Structures are given as structure tokens and as C-alpha cells.
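So the structure is just underneath, and the comments pick up after that.
The values are calculated or read from the model by the stated rules, or taken from the named source; none is laboratory data. Keep in mind that what you see is a predicted model, and the values were worked out from it rather than measured. Positions of Cβ are backbone-derived with ideal geometry, glycine not excepted, and every protein chain shown enters the neighbour counts. Accessible surface areas use protein heavy atoms only, side chains included; no ligands, DNA or RNA. Shrake-Rupley method; radii C 1.70, N 1.55, O 1.52, S 1.80 Å.
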Amino acid sequence: MSAQAQMRALLDQLMGTARDGDETRQRVKFTDDRVCKSHLLDCCPHDILAGTRMDLGECTKIHDLALRADYEIASKERDLFFELDAMDHLESFIAECDRRTELAKKRLAETQEEISAEVSAKAEKVHELNEEIGKLLAKAEQLGAEGNVDESQKILMEVEKVRTRKKEAEEEYRNSMPASSFQQQKLRVCEVCSAYLGLHDNDRRLADHFGGKLHLGFIQIREKLDQLRKTVAEKQEKRNQDRLRRREEREREERLSRRSGSRTRDRRRSRSRDRRRRRSRSASRERRKSSRSRSRDRHRRHRSRSRSHSRRRTSRDRSSRHK
């Protein structure tokens, strides 16, 4: 990549698709299904393993550093939950790698001379020490390249100790089987990257493997997958809690609404009862008034009749005396 192309890529990564006002680049958004979500999260195996023995070629989805910048800006304001898509992608990739590892182990078991469980355990011990030496040497070389010479020297001293233990393990392995069988190259499949490791590989070969881009790339992918699983689990738990809280709030609001409605209905019933009581009392008063009025009327009529009767009788009495 030329210096100009590197500068353009750096600007894309920092400023996103809108850095130069090019509308054609903005037609594809980072949310588009055609965009690789693993690339946006910087964990696509096509990027990580590029240039290795297991180079996967170009990804079938869109990779663009400017879109990654757009995603990083947007993710600060809202949770896009692209981790789930990236996790599914890496899980599928790692599952396929593990399947190849198991097939490689099966082929080795079929082609290599069968040994007893005791001898196999001793050979496994040599392999483990080889792996430890390779990792330590790779780390020492990395520290040396970074200028941390003192730490690099300390690790090299540890390497010498592990080499001593390896020689003892090799001696035990050699004494447990015939010399002709010992000279046969015993292979082992790397659990991380599926590469073959020999029992008698020298330190340089081990350092190249464990410090190589392929092995470190697989470590990066596996570590990223573990991180994504943890992140997805935490976000799903948070979403479940938020969903549960919203449901509880809705239920509480519904209960309050029902109670409010019940109180409203109770008030309405109470007002209705009050109105009925008032009407009843009013009707009762009206009946009492009407009854009293009728009673007074009867009393007046009775008195009127009594006075009339008394006047007629008095008139008769007077008439009788005059006669």
C-alpha cells in the first residue's frame, strides 16, 4: 500500500464516510446487512488471518474502515448490539476449525504407530514442554523487539529451565520404547490453530509456530469470541432486566388505573346513592307535606261541617222557641 493510500485509510478510520463529502460512499450505511459486522468490531477472521497459511481471501461482505469509524461514533450514542452478529460469525468459524482439528487427530491416530497409554502420556509430556518453550521464546523475541531487553533475558532464563525439564522427559520417553520407534517423528495437532507439531521439533521451529501470525491470529479470534460471548450475555441480561422492569411498570400502572377506575366507580356509586337518598328524602318530605296538607284539609272540612251542623241546629232551636 502506498503512502497516499495509507493516509487515506487512516483518515477513513478516524473520520468515517463523511470526511470528504463524497455522497457515493455514503450510500451504504454501516447498518446495511451487506456490511461485515465482525469487521466493524475488528475481529473478522478474513482480516486477522490475511497473509498466513490459512488466508481466507476476501470476505463476502463489505469491509470499509470508514464504515467502522461511523459505527464507533454511532455506538457511543446508542447500543446497536452488533456483538451478537459477530459472535455468531466467529462461533461458526471456530466450530469449523475445531472440526478440522478433530479430523487431523483422527488421521494421526490411524497413520502413526500405536503406543501404550504409559508411553503416550510420556510423549504428551514432551509435547507440553515443547509448547511451553515455544511460547516463552516467542514472548522473549517480542519483548526484545519492543526494547524490553531485561524482561526478555529473564524469560530466556526460564526457557533454559524448561529445556532441562524437557531433556528429562525425553529421556523417560526414550527409555520406555525401542530406539527404532523413538526416532519416528511423533506428531501432535495444535489445539489452537490445527497445525502439526513434531515431538522432536527444535526451538526455532517451536518459536516460529507459537510466535507466528497464524497461531497468534487464532488466539486473537478465540479471545475475541470469549469476550463477545461475555458481552452478549451481559447485554441480554440487561435487556431482560429492562424488559422485566418495563413489564412490572406496566402492570403497576394497570393496577393503579384499575384502582383509580374502581375509586371513580365507587365515587359515582356514592354520588348516585346520595342523589337517590336526596330524592328519597325529598319525596318523603313531599309526601309528609302532602299528608299534612291533606290532614289539614280534612280537619278544615271537618270543622267546617261541624260549624255548619252547629249553626243549623242552633237555627232549629231558635225556631222552636219562637213557636
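Of note:
- Arg204 meets the conditions (1) buried (at least 16 other Cβ atoms within 10 Å of the Cβ); (2) without any contact (Cβ under 8 Å) to a residue 24 or more places away in the chain in every case but one. The failed one is (1).
- Test for Leu56: is it modelled with pLDDT of 90 or more, aliphatic (A, V, I, L, M) and surrounded by fewer than 18 Cβ atoms within 10 Å (Cβ to Cβ): yes
- Unmet criterion (only one of (1) under 18 Å from the mean Cα position of the chain (by Cα); (2) at pLDDT 95 or above; (3) surrounded by 15 or more Cβ atoms within 10 Å (Cβ to Cβ)) for Ser75: (2)
- Some residue of region 18-37 being at pLDDT 55 or above, open to solvent by less than 80 Å² (accessible area, probe 1.4 Å) and under 30 Å from His209 (Cα atoms): yes
- Residues that are at pLDDT 85 or above, over 30 Å from Lys139 (Cα atoms) and part of a helix (DSSP H, G or I) do occur in region 216-232, at least one of them.
- Selection status of Glu223, without any contact (Cβ under 8 Å) to a residue 12 or more places away in the chain, surrounded by fewer than 16 Cβ atoms within 10 Å (Cβ to Cβ) and within 25 Å of Ala50 (Cβ to Cβ): yes
- Failed condition for Lys166, given (1) touching a helix residue (DSSP H, G or I) at 6+ places or on another chain (Cβ under 8 Å); (2) without any contact (Cβ under 8 Å) to a residue 60 or more places away in the chain; (3) open to solvent by 40 Å² or more (accessible area, probe 1.4 Å): (3)
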